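Trainee: Quick one: the structure is below, questions incoming.
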Amino acid sequence: MAAYGEWNRKGATLSDVTAKAEYGVSRDFIVKGIQTGTLEYHEGSIWGNPYLRVLRSQLEQYIAEELGEDYLRRVKNQTELRRVKKEIAEIKKKLAGLQERQKELETSLGT
């Protein structure tokens, strides 16, 4: 059973599509967890497209039970690595823009 307010806490829930991207599990895997009573869920729909929303903590526990702790750890590390690489790329892009602006300002001050 979910803790009080867990459904409302930021980052505590995720959709079946996000679960596939972050943990590599299919919708069928999630539905199996729901049918066995391991996962609590809410149904939703955006622009007519249905989705399932589950609690992240329960999903991680279910993945660890079904696929193993090693699988869960590896997938979480891959997801975090992807996020870190993306952030590094964004920072490099911003830095390049700032360095270009610095050169323009130095050139305009030098003349």
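The values are calculated or read from the model by the stated rules, or taken from the named source; none is laboratory data. All values reported here derive from a predicted model rather than from experimental measurement. With ideal geometry, Cβ positions are generated from the backbone for all residues, glycine too; neighbour counts draw on all protein chains shown. For accessibility, only protein heavy atoms count, side chains too; no ligands or nucleic acids. Shrake-Rupley method; radii C 1.70, N 1.55, O 1.52, S 1.80 Å.
Trainee: Considering only protein heavy atoms, with the full assembly of protein chains and a 1.4 angstrom probe, order Thr36, Thr79 by accessible area, largest first.
Mentor: The ranking, largest first, comes out as Thr36, Thr79.
Trainee: What does the charge count near Leu81 come to, summing +1 for each Lys or Arg and -1 for each Asp or Glu among other residues with Cβ under 14 Å from its Cβ?
Mentor: +4
Trainee: Relative to the Cα centre, what is the charge dipole magnitude of the chain, using +1 at the beta carbon of each Lys and Arg, -1 at the beta carbon of each Asp and Glu, and rounding to the nearest 20 debye?
Mentor: Charge dipole of the chain: 440 debye, to the nearest 20.
Trainee: Return a single number: how many Lys pairs in the chain, at a sequence separation of 8 or more or on separate chains, have alpha-carbon atoms below 22 angstrom apart.
Mentor: Close lysine pairs under the 22 Å cut-off: 16.
Trainee: Turning to a different aspect of this structure: Can you give the accessible area per residue of region 32-101, in Å², using a 1.4 Å probe?
Mentor: With all protein chains present, region 32-101 gives 78 Å² per residue.
Trainee: Under 5 Å between amide hydrogens, which residues at least 5 positions from Thr13 or on another chain qualify, with H placed 1.01 Å from N in the peptide plane?
Mentor: Correct list: Arg56.
Trainee: Relative to the present Cα-Cα distance, how much length would full extension add between Ala21 and Leu98 at 0.36 nm per residue of separation?
Mentor: Gain on extension, Ala21 to Leu98, equals 24.4 nm.
Trainee: For Cα Rg over 2.2 N^0.38 Å, the listed values are [x] 1.25; [y] 1.60; [z] 1.13; which was obtained by calculation from the structure presented?
Mentor: [y]
Trainee: Something else now. So how much slack lies between Ile46 and Tyr71, counting 0.36 nm per residue of separation and subtracting their Cα-Cα distance, in nm?
Mentor: In short, 5.9 nm is gained.
Trainee: Sorting check: for 81-88, 25-32, which peptide has the highest mean count of neighbouring beta carbons within 10 Å, and how do the rest follow?
Mentor: My ranking of the peptides, most packed first, is 25-32, 81-88.
Trainee: Let me ask another. Could you give the distance between the Cα centres of region 9-43 and region 45-111, to the whole Å?
Mentor: Cα centroid to Cα centroid, the span is 20 Å.
Trainee: Which whole-Hz ³J(HN,Hα) couplings does region 76-89 yield from phi under the Karplus relation 6.51 cos²θ - 1.76 cosθ + 1.60, θ = phi - 60°, glycine and proline marked x?
Mentor: 5, 5, 5, 5, 5, 4, 4, 5, 5, 4, 5, 5, 4, 4
Trainee: If you don't mind, another one. If we count every other residue with Cβ under 14 angstrom of Ile30's Cβ, Lys/Arg +1 and Asp/Glu -1, where does the sum land?
Mentor: Taking every Cβ under 14 Å from that of Ile30, the sum is -3.
Trainee: With the full set of protein chains in place, find how many percent of the accessible area of the chain is carbon and sulfur; take the probe as 1.4 Å.
Mentor: 54
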